[in-house]
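K.L.:
Before we start, here is the structure in question, set down as structure tokens.
Values quoted throughout were computed directly from the atomic coordinates according to the rules given, and no laboratory measurement underlies them. Since we're looking at a predicted model, the values are computed, not measured. Cβ sites come from the backbone with ideal geometry, for glycine too, and all protein chains shown count toward neighbours.
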Amino acid sequence: MSKKKVALVTGGYSGEAQISYKSVITVNNNLNRNLYDVFIIDINPEGWFYSPDNNAPRIAIDKNDFSLTVNEERIVFDVVLLCMHGTPGEDGKLQGYFDMLGLPYTSCDAATSALTFNKRYTVAVASFGGVHVAKSMHLFSHTPITTDAILAQLQLPVFVKPNNGGSSIGMSKVTNADALAPALEKAFKEDTQVLVEEFISGREFTIGVFKTKGVIQTLPITEVISGNEWFDFEAKYLGKSQEITPAVISEDVAADISNAAKRVYEVLNCRGVVRIDFIYNEAKSAPFMLEVNTVPGQSEASIIPQQVKAMGWTLEQFYSALVEEALASA
């Protein structure tokens, strides 16, 4: 059986590219070379390139069909394994391009990727699907609003965060009215849209969900206990958090979170592996969805690899399952 040619796509045009370059190392090291010929493709502001190794010159991708010519041999890929956080690999732009080429890939489709990249639209659709979400407001830089008008609708404390993107960049927790304006200014530096969301008290959990052989499956749940006041960039990527996998929770709470995660996956028409963040509110005995990450981190510090190992799978098995599901659904 001939090996499938996999384009392992990394990089990106945003500050999250730094996370992409960490994720791609883990994925590349755990792809089964007996099944796949793997080509790391770096998409960055300078262009789209394949680098055979650190010393060889970069080879540009032909954007007409996403092919590659190496030593006069034209390489056409069978599947794309997306390992890019932020734009254009997480917001639907690349997905739309691959759809037009008829090239299968391992993430949500263009519509779902674009929707979930917008935090406000994500919680709105999830809410329509019966999933609990926090009360929030969606602000635009072209339509100024006073802090008094915000506080007339939302109760402190609130989270202020850029509406698009991830990795908690530009995010603030606001506990008093005077801090709201600076938090908005900080968030608007990252994005033209900002989400202001009421704080939900409770324990924070995150769970991976993926589809294999056509069946939606959840990974073991992780409880996130931040060493900082909340799960910010430092807590996520610089080791300032405690992540307990599997989470020490009752079967009922675990079932509530898993069922909510599967519901979100269904409602948003997700594909590949996604990571969904929840706060479990004890008073209401319900998980509240915070956000959906359609290209979750795969670095050594990331949560999905921890959950895969807790499930008893190797990362090689997991990445093979993602690739095969993409090929089967093409």
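K.L.:
Please compute the contact order of the chain in relative form: average sequence separation of alpha-carbon pairs under 8 Å and at least six residues apart, divided by the residue count, as a percent.
P.N.:
19
K.L.:
Additional query: State the Cα centre-to-centre distance between the stretch 278-330 and the stretch 58-93 in whole Å.
P.N.:
Taking the Cα centre of each part, the stretch 278-330 and the stretch 58-93 sit 24 Å apart.
K.L.:
Something else about it: Applying the Karplus parametrisation 6.51 cos²θ - 1.76 cosθ + 1.60 with θ = phi - 60° to the phi angles of the stretch 270-287, what ³J(HN,Hα) value in whole Hz is obtained for each residue in order, glycine and proline being reported as x?
P.N.:
Couplings: 6, 9, x, 9, 10, 10, 10, 9, 10, 10, 8, 8, 5, 4, 9, 6, 8, x Hz.
K.L.:
A follow-up question, please. Please work out which option in (i) 15.8; (ii) 16.7; (iii) 17.6 gives mean projected area of the Cα convex hull in nm² calculated from these coordinates, and answer with its label.
P.N.:
Given (i) 15.8; (ii) 16.7; (iii) 17.6, the structure-derived one carries the label (iii).
K.L.:
Taking residue 173 as the anchor, which lysines have their alpha carbon closer than 25 Å to its alpha carbon, excluding any fewer than eight residues away along the same chain?
P.N.:
The qualifying lysines are 119, 135, 161, 186, 189, 236, 240, 284.
K.L.:
Next up: Taking every DSSP beta bridge that has both residues in the chain, what percent is antiparallel when rounded to the nearest 5?
P.N.:
In the chain, DSSP labels about 75 percent of beta bridges as antiparallel.
K.L.:
Go through 97-110, 284-297, 139-152 and give me the packing order, highest mean Cβ count within 10 Å leading.
P.N.:
Listed from highest to lowest mean packing, they are 284-297, 97-110, 139-152.
K.L.:
Shape of the stretch 4-107 from its Cα gyration tensor (a ≥ b ≥ c, root eigenvalues): rounded if a/c is under 1.5, otherwise prolate when a/b > b/c, or oblate?
P.N.:
Since a/c stays below 1.5, the shape of the stretch 4-107 is classed as rounded.
K.L.:
Could I ask something else about it? Which lysines have a Cα lying under 24 Å from the Cα of residue 3, excluding residues fewer than 8 positions away in the same chain?
P.N.:
63, 211, 213
K.L.:
With each pseudo-label sitting 7 Å past Cα toward Cβ, what's the residue 217-residue 93 distance in nm, one decimal?
P.N.:
3.4
K.L.:
Oh, and also: If each DSSP helix of 4+ residues adds -39,500 (n - 2.57) and the sum is divided by the residues in the chain, what number results at 222 nm, nearest 500 deg cm²/dmol?
P.N.:
For the chain, the value works out to -9000 deg cm²/dmol.
K.L.:
Suppose a student asked you for the relative contact order of the stretch 136-198, using Cα pairs under 8 Å spaced at least 6 residues apart; what percent would you report?
P.N.:
Numbers: 111 pairs, mean separation 29.3, N = 63.
The value is 46 percent.
K.L.:
Right, here's the next one. Taking amide H atoms as placed 1.01 Å from N in the peptide plane, list the residues 5 or more away in sequence, or in a different chain, whose amide H sits under 5 Å from that of residue 37.
P.N.:
4, 5, 6
K.L.:
Can you give the net charge of the other residues whose Cβ lies under 10 Å from the Cβ of residue 2, counting K and R as +1 and D and E as -1?
P.N.:
Here the charged neighbours net out to +1.
K.L.:
Testing the spin-label approximation: label points 7 Å from Cα along Cα→Cβ at residue 18 and residue 185. State their distance in nm.
P.N.:
2.3
K.L.:
Okay, next question. Quick one: check the C-alpha center-to-center distance for the stretch 259-277 versus the stretch 156-224, whole angstrom.
P.N.:
Measuring centre to centre over Cα atoms gives 16 Å.
K.L.:
Using per-residue counts of other Cβ atoms within 10 Å, averaged over each peptide, order 257-263, 58-64 from highest down.
P.N.:
257-263, 58-64
K.L.:
If you take every residue apart from residue 116 with its C-beta less than 10 Å away from the C-beta of residue 116, what net charge results, scoring Lys and Arg +1 and Asp and Glu -1?
P.N.:
That works out to -2.
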